[in-house]
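The values are calculated or read from the model by the stated rules, or taken from the named source; none is laboratory data. Computed from a predicted structure; not experimentally measured. Glycine also receives a Cβ, built like all others from the backbone with ideal geometry; neighbour counts cover every protein chain displayed. All accessible areas refer to the heavy atoms of the entire protein, side chains included, with ligands and DNA or RNA removed. Shrake-Rupley method; radii C 1.70, N 1.55, O 1.52, S 1.80 Å.
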Amino acid sequence: MIIVGLTGGIGSGKSTVAKVFETLGIHVYYSDERAKELYFLPHVKPQIEQLLGKEAYLNDTTLNKTHVSQKIFSDAGLLKQTNTIIHQEVKLDFERFAHQHKEEKYILKESALLIEAKLLPSINKLIVVTSTLALRKERIIKRNKLSEEEINKRISQQLPDEEKIKQADWVIENNEENLIIPQILNIHQSLIA
């Protein structure tokens, strides 16, 4: 089985790309979504509360995303410590996911911070989704309703597209000039050949 990483900056459209792969029958592990769920593991929650305060959780099933974001995106040390805890859990969770799908030709591991978290050794191939900064910001504003300052803070935590592209086996340009489906089909065909 080939493990294909799928990454891109916030607002690049990597989730949209992942959904298209799913329509082709490919199993996708959504690292960022799973990470939100893993915050509630019995051995993780106390660590996060100690680091970010009890306000990190609204209740037993809801993360206080506003509080967590404000804390970690304004303190590089807290961001690093939080990522260390959560990335370890995501790593173990992904290993279980990969084992469940070991008979597949390939699976996708979608992660915004795949390169930044030094996860390249855990994958075999890499797809990077790119888009113009203006389009990315427009998507983020619509989806997350963040301020320009918050958007810039998050973008600054991620490697620029140029750096990600250097690591890529394939690049999908998700802008208003290129259709993504033909790009995805080309990649899919080369992976199942």
- Note on the structure: Residues of the stretch 144-176 being in a helix (DSSP H, G or I), aliphatic (A, V, I, L, M) and over 29 Å from His67 (Cβ atoms), in sequence order, are Ile165
- Please give the number of the condition Ile127 fails out of (1) of a type in the set (A, V, I, L, M, F, W, C); (2) in contact with a Gly (Cβ under 8 Å, 6 or more places away or on another chain); (3) under 15 Å from Asp32 (Cβ atoms); (4) open to solvent by less than 30 Å² (accessible area, probe 1.4 Å). (3)
- Message: If I filter the stretch 31-42 for residues that are surrounded by 13 or more Cβ atoms within 10 Å (Cβ to Cβ), of a type in the set (A, V, I, L, M, F, W, C), more than 20 Å from Gln158 (Cβ to Cβ) and touching a Leu at 6+ places or on another chain (Cβ under 6 Å), do I get at least one hit?
- Response: no
- Message: Residues that are polar (S, T, N, Q) and closer than 19 Å to Ile172 by Cβ: does the stretch 27-40 have at least one?
- Response: yes
- Query: Out of all the residues in the stretch 120-143, is one or more small (Gly, Ala, Ser), outside any strand (DSSP E or B) and either in contact with a Phe, Trp or Tyr (Cβ under 6 Å, 6 or more places away or on another chain) or within 28 Å of His188 (Cα to Cα) (or both)?
  - Reply: yes
- Message: Can you tell me how many residues within the stretch 1-21 are open to solvent by less than 30 Å² (accessible area, probe 1.4 Å), assigned to a strand (DSSP E or B) and hydrophobic (A, V, I, L, M, F, W, C)?
- Response: 3
